[in-house]
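A quick write-up on the structure given underneath.
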Amino acid sequence: LKAHKYVKLAELLASEIKQGHWQHHDKLPSVRALAQQHQLAKISVLHALQLLEMRGLVYAKPKSGYYVAPIKTASFSQQRQLSKEAPKHVQVPDVFFDIMQRSAAFDIYPQASSHASQSKYIQSLNRNISRVMRQQSQINSQYYGSPTGDDLLKEQVALRYQRRGLSVSSEDVCITSGCQNALYLALVNCCSAGDIVAVESPAFYGVLQLLHHLKLKIIEIPSSYTQGIDVEQFKQAVNAWPVKACILTPSFATPTGATMPEQAMKALLDIAVERNITIIEDDIYGELGFHHLSRPLKIFDNDDRVMLCGSVSKSLSRDLRIGWVISNKHSKAIAHTKLVNHLSDSQAIQKGLAHFIADGSFERHLQQYRRQLLTQREQLLEAINQYWHFNIRYTVPEGGLALWLELPECIDSIKLYNQALEAGIVVTPGRLFSTDNKFNQYLRLSFSHPMDEQRVKAIQSLGKIITKLLR
Ligand SMILES: Cc1ncc(COP(=O)(O)O)c(C=O)c1O
């Protein structure tokens, strides 16, 4: 997907602001000057400035121009050091399960969803599945599908990766029941109880729960909120401890939305080769880049040490429960574990999905969905900037479904979570993304739902709850 020129200009100006080209309250060059400098129409420059205004990076003064905003910093990072503590078993507080049962707060105000209209693509997906059910119900009801999954679907998954530059054979694909199941299958096939697994920090809470369940030890590697895992600190960790595997989300990680630069992917893989560490790549958000097609880390994997996991849960439907693990070396073992665990997945759903991808509907859906998500991201930031009158910092991810937001230090996000719940508002507290308290003052906020009136009001109410907690 090609980025619009005004989005590119907005990104450039945002990065110049971040690098300190201007001080707070400094006036930016005029629209005319920017148009001349970047050879763009004035209207494109205005669109770019409006985008920055929505993100809270600049503000407009009538009849004067645009100025660099003072308090709220979009996109930020925090320098943290690797803990000197030994890797340890993971404790999972009950609140993790409570929040996961509420669908992990991808919708800040779930009550608003009762009026949601169904997308034409989901309708078409459902028609595809119903058709297969009608045509093949007798056969499917009498036989299990292959444990590694439907051939046509495996081919389509391989083709999706080929589009993103990864040469992969459909024979290396094993269909799973979603990405959480894929991560489980990958982990049990490269680790045993007591082994040490490195994770990026903040980490996806589903991974923390898996490590707890499998009695694996964790070492949390400090990660940039914009560029993902810190490779230098990963190196320090693997020099200090016998790390067996590393799980990470190189593209649009949750909760931050960070994306690893390709240089860092290569450096991390070099270390993994040297130390014989298996990499488990969680690629669940890989298809959700707003401006460019992200390439998976496995592209640089010359000795098949990356197990690539993904699903359509975030890009299409959580309800299908369809995901995959891709690995040549481990393919047999993975299929075996899957067979033992749950035999196979629904044939009708796999085939219906395969037809939906093959006829181009999935790609059309993605093109529309990525634009929608970008708009929703801007609307969420606009609401936050309009209604929250206290200091915050947040990331502005270029893909995925959520941003990472830092509140004033005195805020305890679990307390906030509980108070917000009383108002029907569901947030994901930062506490969920680590084994300790270091992200207590953080929230993950999702933009995966339209910012209708009710959700905007929910943001406003959340602002009021936070303000009260600050007193
Ligand atoms: C990073 C990440 N990986 C895996 C999963 C689980 O995905 P699935 O619903 O496909 O099991 C999620 C869901 O929130 C996620 O955010």
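Kirkwood-based Rg over Rh for the chain (C-alpha set), two decimals?
0.97
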Compactness ratio of the stretch 117-178: Cα Rg over 2.2 N^0.38 Å, N = residue count?
-> 1.36
Can you pull the accessible area of VAL207 for me, 1.4 Å probe, Å² to the nearest 10?
-> 10 Å²
Counting only DSSP beta bridges fully inside the chain, the antiparallel percentage to nearest 5 is 55 percent
Under the rule of -39500 (n - 2.57) per DSSP H run of 4 or more residues, summed and divided by the residues of the chain, what mean residue ellipticity at 222 nm is obtained, to the nearest 500 deg cm²/dmol?
-> -13500 deg cm²/dmol
Among the listed pairs LYS217/LYS298; LYS8/LYS63; LYS215/LYS298; LYS244/LYS314; LYS235/LYS266; LYS8/LYS61, those beyond 19 Å (Cα-Cα) | LYS217/LYS298; LYS8/LYS63; LYS215/LYS298; LYS244/LYS314; LYS8/LYS61
A 1.4 Å probe over the protein heavy atoms gives the stretch 186-266 a carbon and sulfur accessible-area percentage of 51 percent
Whole-angstrom gap from the stretch 180-230 to the stretch 353-407, using each part's C-alpha centre = 25 Å
Starting from the Cα of LYS338, draw a straight line to each of the lysines and keep only those under 18 Å, dropping any in the same chain fewer than 8 residues away.
-> LYS154, LYS329
Could you give P(r) for the stretch 352-431, binned at 10 Å from zero, as whole percent values over all Cα-Cα pairs?
-> 14, 35, 27, 16, 8, 0
What is the ratio of the Cα radius of gyration of the stretch 299-420 to 2.2 N^0.38 Å, where N is its residue count, to two decimals?
-> 1.48
Please report, as a whole percent, how much of the solvent-accessible surface of the stretch 400-471 comes from carbon and sulfur atoms (probe radius 1.4 Å).
-> 47 percent
Using the heavy atoms of the protein chains alone and a 1.4 angstrom probe, what is the accessible area of the chain per residue in square angstrom?
-> 44 Å²
Where in the chain lies the longest segment free of GluC sites (Glu not before Pro) that are both loop residues by DSSP (not H, G, I, E, B) and have at most 10 other Cβ atoms within 10 Å?
-> 86-408
Membrane-span-like helices in the chain: DSSP H runs reaching 15 Å or more (Cα, own axis), mean Kyte hydropathy at least 0.0?
-> 5-18, 42-54, 178-188, 262-275, 347-358, 453-470
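The values are calculated or read from the model by the stated rules, or taken from the named source; none is laboratory data. Just so we're clear, the structure is a prediction, and the values are computed from it rather than from any experiment. As a convention, Cβ positions derive from the backbone with ideal geometry for all residues, glycine included, and neighbour counts pool all protein chains shown. Remember, those area values only see protein heavy atoms, side chains included, never the ligands or the DNA or RNA. Shrake-Rupley method; radii C 1.70, N 1.55, O 1.52, S 1.80 Å.
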